[in-house]
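One structure is given here, and the rest of the page talks about it.
The values are calculated or read from the model by the stated rules, or taken from the named source; none is laboratory data. Model, not experiment: these values are computed from the prediction. What goes into the accessible areas is simple: the full protein's heavy atoms, side chains included, and nothing from ligands, DNA or RNA. Shrake-Rupley method; radii C 1.70, N 1.55, O 1.52, S 1.80 Å.
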Amino acid sequence: MSEPNSLFIKVKISKENLNAFLNARPKSSTLNSNWLEWWDSRMMYSKPDLKDVH
């Protein structure tokens, strides 16, 4: 490991599961009161409204 803050993990996964994972599309998130409450608790300059969760 060349970097002192590197992370190395070893995962056992079948080829079929790996291909399914790599081909899967991310699920879209929906805004709810928890997201909005957390966003409102953050202090920042020119904070935009929370409309879309990436």
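At a glance:
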quantity	calculated
Hits in the range 1-52 - residues which are among the hydroxyl-bearing types (Ser, Thr, Tyr) and part of a loop (DSSP other than H, G, I, E, B)	2, 6, 14, 28, 29, 30, 45, 46
Test: residue in the range 46-54 that is open to solvent by 100 Å² or more (accessible area, probe 1.4 Å) and among the hydroxyl-bearing types (Ser, Thr, Tyr)	yes
